[in-house]
Amino acid sequence: MLKKIFILTILFVISTGSYAQQTREEIQKKQQELQKELNDLNSKLADIKNNKKISLSQLNMVQRKIKAREELISNINKEMRRLDDDIYLTQLEMNRLRKELDTLKQQYAKSLQFAYKNRSNYDYLNFLFSSQSFNDAVKRVAYLKSYRSFRETQAATINQTTNLLSQKAGQLTSRKTEKNVALGEQNKQLVVLEQDKKDKDQVVKNLKNREQDLGQEIRNREKMRQKLQQNLQVIIRREIEEARKREKERLAKLAEEEKRKRDAEIARIKAIGSNTKPTTEKPTADPKPKQVIDTENKGVVTGGGGDKNRSYSILESSSEGLSQSVNFENNRGRLPWPADQGNVTIHFGPYEVPGTKLKGVSDGIDIELPVGANVKCVADGEVSAVFDLGDQTIVIKHGKYFTTYSHLSTVNVTKGQTVKAGTNLGKAAAGDDGAGQLTFMVTNEKGTNLNPETWLRRR
């Protein structure tokens, strides 16, 4: 029973050690990522500070920096908890090994005492010659050999346990050193965090001093937002009307073809003088709201492949439109970002400027990036519109979804052009603070704006 408990204890310690090692690698990898992000933010903040005009971008950078710093400190805390667990388990293992070593030494001492008391050759010979038979003598010889082997095993086990105990002591010292290093790093990051918070307070103060200018910027942004929304709604309605028109024409062609076939069948029957009534098929009716017309099979597909819970649109009446919609949906949370680099300065939905009474609404996300950076398409689709609202704007249709790319200085695509994910659409124009800016939006066929960050992959 004790042997089973010992084996289970060893297995537990080994499995716990493997888990701790895996966790350690994950924690260290996360710390490296966070440190890289902080370095990037520090570099970008240094560039922004060169611009005397305090902007929301600078505030967003500082806030992101604080968030990353807090996450780094939390990560260090996880590392310290892991080290504490490792130290605790190592101490338990050392205590067990010490007890085991004490027991082995006691048993070995007893065997040595026994051997010392029976050390004369006469005693061994007397033990052998007192056998009742030859077989009994052979068994006694085997016993003596086994006893000697047992003593040798005892000595080897004591040496192994001593060495293992020494290794554990070394590991314990190493873990304590790592913990002290982690504790020092934590204290360092806490000091820097306080400085980051002071920087944020200063930026908020500076923004408050610019409240009047910022208010004008937000009002201008709101006017631009409304114009963009008006244009987008017109584009979506136009796409829906064109899709309905195309589908109506297709159904009319289908009905005409069916009528032609029926007329030909009637004529054939009359020609042979048959009284058999021809079989007729009803023309395909206009599809119901949640039905999709399959143009390849010339039939009505309910639920688009059997998914009855999915909401369907006339924009998916073609196989290409349906394919683009499904592809867009299946890649939710995994769509590539519309630029290779950049940071979100204004998130989706309502926002406030800290330290002021200023408020605004964003229908998408604003991404700050270098002026002239390439803007890329996030999914396969077709260019619905290219128009100018002071800066160039591109709207791309992905079945029943639309993505909008606004604030471009140049465009590389034209209306009606088929594009793929990654297609270079144009270059980013300068924003209010002089940095490059891109407004990216995701909209459905009802004209409802969706949060782009839930569709794009995490960076």
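The values are calculated or read from the model by the stated rules, or taken from the named source; none is laboratory data. None of these values were measured; they are calculated from a predicted model. Cβ placement follows ideal geometry from the backbone for every residue including glycine, while neighbour counts extend to all protein chains displayed.
Points worth noting:
- Restricting the first member to the stretch 169-197 and to residues that are of a type in the set (Gly, Ala, Ser), and the second to residues that are assigned to a helix (DSSP H, G or I), the beta-carbon pairs closer than 7 Å and six or more apart or on different chains are 169/94; 182/76; 182/79; 182/80; 182/83.
- Test result for residue 182, assigned to a helix (DSSP H, G or I), of a type in the set (Gly, Ala, Ser), at pLDDT below 80 and assigned by TED's automatic domain parsing to the domain that holds residue 69: no
- Pairs where the first residue, in the stretch 155-167, is part of a helix (DSSP H, G or I) and the second is of a type outside the set (A, V, I, L, M, F, W, C), C-beta under 8 Å, 6+ apart: 155/108; 158/105; 158/108; 161/100; 165/98
Here is a yes/no grid of residues against (1) surrounded by fewer than 20 Cβ atoms within 10 Å (Cβ to Cβ); (2) within 29 Å of the chain's Cα centre (by Cα); (3) at pLDDT below 95:
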residue: 359; (1), (2), (3): yes, no, yes
residue: 367; (1), (2), (3): no, yes, yes
residue: 393; (1), (2), (3): no, no, no
residue: 398; (1), (2), (3): no, yes, no
residue: 416; (1), (2), (3): yes, no, yes
residue: 428; (1), (2), (3): no, yes, yes
residue: 438; (1), (2), (3): no, yes, yes
residue: 457; (1), (2), (3): yes, yes, yes
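- Considering the stretch 308-335, and only residues there that are modelled with pLDDT under 90 and more than 14 Å from residue 240 (Cα to Cα), the residue that is surrounded by the fewest Cβ atoms within 10 Å (Cβ to Cβ) turns out to be 309.
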